[in-house]
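Here, each number is a calculation from the coordinates, and none is a lab measurement. Quantities reported herein were computed from a predicted structural model and do not represent experimental measurements. Here the Cβ positions follow ideal geometry from the backbone for every residue, glycine too, while neighbour counts run over all protein chains shown.
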Amino acid sequence: MRNLAILVPSRNRPQNIVELMDSLEKTKTESDLIVIVDDDDVMFDSYLATNADIFMVERRGKGMAKPLNFVSNHLKDKYRHFAFLGDDHRPRTEHWDLEFINHLDELETGLVYGNDLLQGEHLATAVGMSGNIVKVLGGMTPPNMIHLYLDNFWMKLGNDLGALRYLPNVVIEHLHPIAGKAEWDEGYRAVNAKDVYSADEVEFWKYIQSDAYRYLLEELRDQA
């Protein structure tokens, strides 16, 4: 098994992948980058031209949650740990991925996140998790979410397990429009719409209060 898969869902932003790959090279990243692209993306050929490892998925509505779950579940027996980065994240710390791996190895079961220069310790906008979480959960997020509240879920899960580590010296900058570091394009507007926010908030609390979440915690605590 390989150590860490870095999963990056992306849509209509191949240039972001070029910039991300440059960032990974500069930070001497050794782990595998896997870019998740919808099968109906009009810029699919441009993604292929980046020479990144592309995983094509069937488009099932908007948002990154379903593609992220599909691919992580597909790869669950090939990697020990998984990380999520948005296509607007840029690692700035050399060997950041080894920091993720080392801390996840120490935790055995748990989650880690770095400093995104926006939310900092308050929110895991880019996250690493032990592979057993993916296996028990069936992916990296609850099943019915769209795009938002995923980082809230990762924070909640890590805290409830007593196995969440913030790595302030591992910088993974988030170039988000909220930070004034990117423009509000169609993709940002679609997944940050009020209906998505409301739907994901409902699904987040529904899952946290469910028997499925209690089972998830019990199973993971038994493996810790």
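Would you tally the net charge around R221, using a Cβ to Cβ cut-off of less than 14 Å, leaving R221 out, and scoring K and R as +1, D and E as -1?
Within the 14 Å Cβ shell, the charges total -4.
How far is it, in nm, from the label point at R59 to the one at Y197 when both lie 7 Å from their Cα along the line to the Cβ?
Using points 7 Å along Cα→Cβ, the separation is 2.5 nm.
Quick check on the chain: helices-only [θ] at 222 nm, where DSSP H runs of length 4 and up contribute -39,500 (n - 2.57) each and the sum goes over total residues. Nearest 500, please.
Roughly -12500 deg cm²/dmol at 222 nm, from the helical runs in the chain.
Any idea what the dipole of segment 2-223 comes to, in debye rounded to 20, about its Cα centre with Lys/Arg Cβ at +1 and Asp/Glu Cβ at -1?
Once rounded to the nearest 20, the dipole reads 280 debye.
Rounded to the nearest 5, what % of the DSSP beta bridges within segment 1-138 are antiparallel ones?
In segment 1-138, approximately 30 percent of DSSP beta bridges are antiparallel ones.
Could you tell me the calculated FRET efficiency between S46 and D22, based on Cβ-Cβ distance and R0 = 22 angstrom, to the nearest 0.05?
Calculated transfer efficiency: 0.90.
Taking the dipole about the Cα centre of the chain, with the C-beta of Lys and Arg at +1 and of Asp and Glu at -1, give me whichever of N144, T27, S210 is farthest to the positive side.
So the residue furthest toward the plus end is S210.
Among F84, P14, L123, flag the residue with its Cα farthest along the positive direction of the charge dipole of segment 2-223, charges on Cβ as +1 for Lys/Arg and -1 for Asp/Glu.
L123
Rounded to whole Hz and in sequence order, give me ³J(HN,Hα) for segment 47-60 from the Karplus expression 6.51 cos²θ - 1.76 cosθ + 1.60, θ = phi - 60°, writing x for Gly and Pro.
For segment 47-60, the Karplus curve yields 5, 4, 5, 6, 6, 6, 6, 9, 10, 7, 10, 5, 5, 10 Hz.
Give the calculated FRET efficiency between Q15 and A212 to the nearest 0.05, with a Förster radius of 35 Å applied to their Cβ-Cβ distance.
0.35
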